Amino acid sequence: MARPSVSVPGAGGQHPDAPAAAAAGDTILAVHDDDGASHYDSLDSAAPPAPAPPPPPDAAGREVRYRGWKTMPFVIGNETFEKLGSIGTAANLMVYLTSVFHMSNVRAAVALNAFAGTTNLATVFGAFASDLFLGRYATVCLGSVATLIGMIILTLTAGMPSLHPPPCSGTAAGSGGGGGECAGATRGQFAVLALSFFFIVVGAGGIRPCSLPFGADQFDPRTESGRRGINSFFNWYYFTLTIAVCGSSTGIIYVQSNVSWWVGFAIPAALMLASCVLFFAGAGLYVRVKPEGVPLAGALRVAVAAFRKRAAPAPADPAASLFRTRHASALVSRLPYTHQFRFLDKAAVVVSKSELSGGAAARDTWRLCTLQEVEEAKCILRILPVWATCIVYYVSFAQTNTYVILQAAQSDRHVGGFDVPPASFTIFPMLALTIWIPIYDRVMLPYLRRLTGREEGITLLQRMGVGMVLSVAAMLIAGTAEQRRRELAELNAAARGESMDASRVSPMSAFWLVPQLAALGLSEAFNQVSQMEFYYKQFPENMRSVAGSLLFSGLALSSYLSGLLVTIVHRTTAGSADGDDGWLAEDLNRGKLDSFYYLIGFIGAINFVAFIVCAKWYRYKGMDDGEQDEDGINRWQARSVVGDGCPEDGRLPANN
């Protein structure tokens, strides 16, 4: 593909081979052809420009045709049905393992924590497989089929009496506890259950890191409509995902708890089947980006090459003298030189001509890398500190499935004659997020575009920062609500002349927990949606599946970090005397859960300060160090490259 660059007379940027028309004030367009030849045209010439060649074929060998929103019913529909099925399956597994498989609460909790953590970490392996040889389309296909198989096996464990233990006898039936005889599951029954979990983990590892970037691949990032389509896609993708979460957390759980377990599992399996059919139906419309080898291999080569050349002198003008060559894919954007991590620049220093093969290619890619590879490695290093702050940020969300449910269980949950299940309160963050995203996309975003002059309204890092502030506020609200809940429980016990053990339920309505949950939902709308978009846009295009796995690996590490924090706080605050269970007592009325929430809020505030430092230091991909607006906020700007003999086709310093 020909690449133009502008040479403006009088600006010191005219190439010596440019025609003399520049002397008359013409602006010269230098065109570098794919074969390395260069020719020059005047922009003031009346001759019509040559037609642009067609884009390169995609992974299926077809001409690239971006169909944008035409593919979204298939992509978003697949993700919606997949989430309806997978979340509807996983949300009630704690009850299933204790009531059907008769596992103790501790064993079930440990098993599900391991299952959740492994599921999120599996996305890393799925991303590597996608970028290594499968491609995003094939990885999503295989993941969808694996998830379907896992759900079918899980349904069989509930529907076939031979694949689960018999019901408990006496008062223990349905409780998973004592007071009766409960036969435990056999090794064979556990093996079948573990097999279903295995397929679900494999499926999640394929779908989660690839589904989102695959959907964004369907938009042309070179056009304004395509860029706006990507921005809206991330919001609407998460909006439909939230609807799926709400649906699975209510209707499917009700069927599982009140109708039948096998019917409750068969419904998610049927939804997953619909997801597969819908995704395969759009196969002829998709843009499929080719896999480009081992993910992060370029960054590893840069590190090795920089170490091997650590004694080489640093170039005086890195942007002009570092080795360059064309990237194998025209869909990967060319990155300008940045001054961060300059120790990596030596990987692209040409020490001698013997390092080149044919004059324009590196003989040993583990000794000489291109400027593009160096800048891609810098992109990854810049992202990691931001990602680390997001791990700490998610600790507050880990409490919604643990202590928030315990708070609700010890509060008044009556609505008329109906008792709201404690776990159902976890739907409120999703509801807040569902309501806010279309308001932001249709009302706030156009206003912010006019206010800031930016297409994205406010930057991704600014949106992530707002989400962190809201998470800290949510923990402060949670601590205040818990303190009031415990005070009312103590006053109620004193008024009745009873001990605190007589009734653990506080007269405070459980719906006073909604404000903290709504704040967490808004925080997620700002941070997690922006975080997904941030990884997609800031990672090199050929490693976007790895970028998608960052979000889920962060969630996994956050779950482990939350568990570690719970263990440390419990061991530190619990006393040796009877009844002194510390902050995290079994009976919340005897503990100080509010102090635990305040501690998380304090950690979140410190983490926010660290995030501000990282955001201030960060440089967006495709932007050199000098591109900042008057507010100090970095933004991408279009550049023209002065005609210099087509540096993308290989460059050797003049003194060599």
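The values are calculated or read from the model by the stated rules, or taken from the named source; none is laboratory data. This one's a predicted model, so the numbers in the text were calculated from it and none came from an experiment. Cβ placement follows ideal geometry from the backbone for every residue including glycine, while neighbour counts extend to all protein chains displayed. Just so you know, the surface numbers come from the protein's heavy atoms only, side chains and all, with ligands and any DNA or RNA stripped out. Shrake-Rupley method; radii C 1.70, N 1.55, O 1.52, S 1.80 Å.
Side notes on the structure shown:
- Any pair with Cβ under 7 angstrom, 6 or more apart, that starts in segment 587-601 at a residue that is open to solvent by 30 Å² or more (accessible area, probe 1.4 Å) and ends at one that is at pLDDT 85 or above and not hydrophobic (A, V, I, L, M, F, W, C): 598/479
- Some residue of segment 501-511 being within 16 Å of residue 405 (Cα to Cα), touching a helix residue (DSSP H, G or I) at 6+ places or on another chain (Cβ under 6 Å), in a helix (DSSP H, G or I) and open to solvent by 70 Å² or more (accessible area, probe 1.4 Å): no
- Each residue in segment 149-167 was checked for being hydrophobic (A, V, I, L, M, F, W, C), open to solvent by 30 Å² or more (accessible area, probe 1.4 Å) and in a helix (DSSP H, G or I), and 4 pass.
- Failed item in (1) farther than 26 Å from residue 227 by Cβ; (2) in contact (Cβ under 8 Å) with a residue 40 or more places away in the chain; (3) in contact with a Phe, Trp or Tyr (Cβ under 9 Å, 6 or more places away or on another chain), with residue 484 passing the rest: (2)
- Residue, modelled with the lowest pLDDT, within segment 220-255, restricted to residues that are aromatic (Phe, Trp, Tyr) and under 21 Å from residue 425 (Cα atoms): 238
- Per-region count, segment 393-420, residues under 20 Å from residue 252 (Cα atoms), of a type outside the set (D, E, K, R) and open to solvent by 60 Å² or more (accessible area, probe 1.4 Å): 2
- Taken together, 239, 280 contain a single residue that is in contact (Cβ under 8 Å) with a residue 40 or more places away in the chain and touching a helix residue (DSSP H, G or I) at 6+ places or on another chain (Cβ under 6 Å), which is 239.
- Among the conditions (1) over 25 Å from residue 526 (Cβ atoms); (2) modelled with pLDDT of 75 or more; (3) open to solvent by 30 Å² or more (accessible area, probe 1.4 Å); (4) not β-branched (Val, Ile, Thr), residue 258 misses just one, which is (2).
- Selection status of residue 300, free of Cβ contacts under 8 Å to residues at least 40 places away in the same chain, open to solvent by 30 Å² or more (accessible area, probe 1.4 Å) and out of contact with any Pro (no Cβ under 8 Å at 6 or more places or on another chain): yes
- Only one of the numbered conditions (1) open to solvent by 40 Å² or more (accessible area, probe 1.4 Å); (2) outside any helix (DSSP H, G or I); (3) in contact with a Leu (Cβ under 7 Å, 6 or more places away or on another chain) is not met by residue 458, and that is (1).
- Pairs where the first residue, in segment 377-391, is free of Cβ contacts under 8 Å to residues at least 40 places away in the same chain and more than 25 Å from residue 345 (Cβ to Cβ) and the second is open to solvent by 20 Å² or more (accessible area, probe 1.4 Å) and among the charged types (D, E, K, R), C-beta under 6 Å, 6+ apart: none
- Options 577, 654, 638; residue that is aliphatic (A, V, I, L, M), at pLDDT below 80, open to solvent by 40 Å² or more (accessible area, probe 1.4 Å) and under 29 Å from the mean Cα position of the chain (by Cα): 638
- Any hit, segment 615-627, residues being open to solvent by 60 Å² or more (accessible area, probe 1.4 Å), assigned to a helix (DSSP H, G or I) and modelled with pLDDT under 85: no
- Cross-chain or 6+ apart pairs with Cβ under 6 Å, segment 434-451 first and farther than 17 Å from residue 241 by Cβ, then at pLDDT below 85 and open to solvent by 20 Å² or more (accessible area, probe 1.4 Å): 448/458
- Here is the figure for segment 357-388: residues that are open to solvent by less than 10 Å² (accessible area, probe 1.4 Å), within 25 Å of the chain's Cα centre (by Cα) and of a type outside the set (Gly, Ala, Ser) total 7.
- Test set (1) touching a strand residue (DSSP E or B) at 6+ places or on another chain (Cβ under 7 Å); (2) more than 30 Å from residue 163 (Cα to Cα) - residue 181 fails condition number: (2)
- Qualifying residue in segment 345-356 (condition: of a type outside the set (D, E, K, R), modelled with pLDDT of 75 or more, in a helix (DSSP H, G or I) and open to solvent by less than 30 Å² (accessible area, probe 1.4 Å)): yes
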